[in-house]
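The values are calculated or read from the model by the stated rules, or taken from the named source; none is laboratory data. Quantities reported herein were computed from a predicted structural model and do not represent experimental measurements. Reconstructed Cβ throughout: ideal geometry from the backbone, glycine too, with neighbour counts over all protein chains shown.
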Number of protein chains: 2
Amino acid sequence: MEYLVESFDHDLSNRIVRSGTTRSYGFDQTIFSEGDKATFLPIVLSGTVKMVKFPEPGKEVILGLFQAGQAFAVPPAMDGKRFPATAITTEESEVLFVPRDSFLELMETSAEFSAVITSRMCGILRHQVETIQILATPSAEQRIATALLRLAKERRGEFPIEIAYRRKDIADMTGLSLETTIRAVRRLAKKDCLTIASGRIILESTTPLKKLVG
Amino acid sequence: MEYLVESFDHDLSNRIVRSGTTRSYGFDQTIFSEGDKATFLPIVLSGTVKMVKFPEPGKEVILGLFQAGQAFAVPPAMDGKRFPATAITTEESEVLFVPRDSFLELMETSAEFSAVITSRMCGILRHQVETIQILATPSAEQRIATALLRLAKERRGEFPIEIAYRRKDIADMTGLSLETTIRAVRRLAKKDCLTIASGRIILESTTPLKKLVG
DNA sequence: CTCCTAAGATGATCCAGATCATATGTCAGC
DNA sequence: GCTGACATATGATCTGGATCATCTTAGGAG
């Protein structure tokens, strides 16, 4: 099996894959926990991984979702300190662990690699600022609107866009309870900001949502 | 007047200062706004600057505070996209603007510069994750406890530590209203987690606060 | 010392979201 | 088409924080 890391060519991808070790995970398994020493750079080879915080027992906030090919937890791997959050699989997944030494060597020897990693770090930071914006917004409807707009932007497909997440996931992205999320989504549907087809959220357009968040 | 950038020696500091232009600001003035193109790397030469988001009219969230010598908004300067937040002075300040070209050249030609900037980016990301943690915590007391612990950690001085911020600032760091912040701080004082001396918050120890956040 | 302004304190009221309970819908597997 | 498991839906109640109003305190300027 051959994997593609980020959008690198096969040579670089193979070089990266060979420089680390791969592990397989089932659904909802912990890859590493907040507080662990970052001795490696993790890269999703297949499946999906979420980075999460637990502000209190039972409550979960999603910091980011990572698909096949994507490196995550880049900043901790960079400075070798501790992971500020926990990484958990959201489906069967394979994760590549590149030792920190090899990672730093790659950064120095490959301009392509270093450019992509740097840009990924910037992207993560942008994402975090958006998350802060969402969590600091008081209105549930506006929080969800912002979160949905972000999801729509990230997969930049053609309309109609189907949101591939459950209400519970959206709740964890916005810091709201499941029930509040369900109710707010319904209210958004009633306001014609989105449509619901057998539970799934579908965006015909982002205009009404954008109008809502101002 | 000679300025020290980060903790660089005079040669590098001077090289950096000469590569850009300096502007002076009064109190509470906007340096750049969310959405502006990042064509430069801003560095605080004197005074203090805050990065803020406005989740709704009248409400403000502080993303970060930057002192003399510190570069801020590093990720936008790096990838040249738009600033995800607004920068405002919190006192009379001077800010150096290093053009993006010079910034990128510095990154390539000075390993020292590039190392410090990279580590600063990692630090900012850690800070953001902590902010997300704070905003996602439901209890006002715990939000403030976490924020105070972070402030105490950042200035890592000897006890007793005096918190150099007003209640309004702490409110903006935690996403709470001014009144709720004042009340929660009082409750923390009543629980002997901190002391209040003529309005100022003083930490004799961080132990009780740490116990509170678990 | 007095005045003035900004910050801190406190009371009263209101409401959006959390929580608990229960019902309905969806779909995969038999 | 039936069943079970999970997701969505919705009602009832509770509560902590927001908001508005008022008051006190601290500390600088004159």
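Here are some notes:
- Selected residue (only one of B:VAL74, B:VAL61, B:VAL49 is touching a Ser or Thr at 6+ places or on another chain (Cβ under 7 Å) and either crowded, with 20+ Cβ neighbours inside 10 Å or under 21 Å from B:ARG18 (Cβ atoms) (or both)): B:VAL49
- Residue in the range B:129-147 that is surrounded by fewer than 19 Cβ atoms within 10 Å (Cβ to Cβ) and touching a strand residue (DSSP E or B) at 6+ places or on another chain (Cβ under 6 Å) present: no
- Looking only at the range B:31-46, residues that are of a type in the set (Ser, Thr, Tyr) and not in a strand (DSSP E or B) come to 2 in all.
- Candidates B:ARG183, B:ARG143, filtered to the one that is at pLDDT 95 or above, touching a Ser or Thr at 6+ places or on another chain (Cβ under 6 Å) and within 12 Å of DNA strand D (Cβ to nearest atom): B:ARG143
- The residues listed here are B:THR86, B:THR109, B:THR48; of these, the one that is among the hydroxyl-bearing types (Ser, Thr, Tyr) and within 20 Å of A:LEU125 (Cα to Cα) is B:THR86.
- Single condition B:LEU151 does not satisfy, out of (1) more than 14 Å from chain A (Cβ to nearest Cβ); (2) more than 15 Å from the chain's Cα centre (by Cα): (2)
- Checklist (1) more than 9 Å from DNA strand C (Cβ to nearest atom); (2) closer than 21 Å to B:THR131 by Cα applied to B:LEU178, failing item: (1)
- Residue that is of a type in the set (Val, Ile, Thr), in contact (Cβ under 8 Å) with a residue 40 or more places away in the chain and either under 23 Å from B:LYS53 (Cα atoms) or away from DNA strand C (no atom under 16 Å from the Cβ) (or both), where the choices are B:ILE132, B:ILE88: B:ILE88
- Failed criterion for A:ALA184 (all others in (1) more than 14 Å from chain B (Cβ to nearest Cβ); (2) within 14 Å of DNA strand C (Cβ to nearest atom); (3) surrounded by fewer than 17 Cβ atoms within 10 Å (Cβ to Cβ) hold): (3)
- When residues of the range A:148-168 are limited to those that are surrounded by 15 or more Cβ atoms within 10 Å (Cβ to Cβ) and near DNA strand D (Cβ under 8 Å from one of its atoms), the one nearest to B:LEU135 (Cα to Cα): A:ARG167
- Each residue in the range A:99-122 was checked for being within 8 Å of chain B (Cβ to nearest Cβ) and surrounded by fewer than 17 Cβ atoms within 10 Å (Cβ to Cβ), and 1 pass.
- Qualifying residue in the range B:187-194 (condition: under 30 Å from B:GLU56 (Cα atoms), within 15 Å of DNA strand D (Cβ to nearest atom) and surrounded by 14 or more Cβ atoms within 10 Å (Cβ to Cβ)): yes
- Any pair with Cβ under 8 angstrom, 6 or more apart, that starts in the range A:161-180 at a residue that is on the phi > 0 side of the Ramachandran plot and ends at one that is near DNA strand C (Cβ under 9 Å from one of its atoms): A:GLY175/A:ARG143
- Looking only at residues in the range B:47-66 that are within 25 Å of B:GLN133 (Cβ to Cβ) and outside any strand (DSSP E or B), the one that is nearest to the chain's Cα centre (by Cα) is B:THR48.
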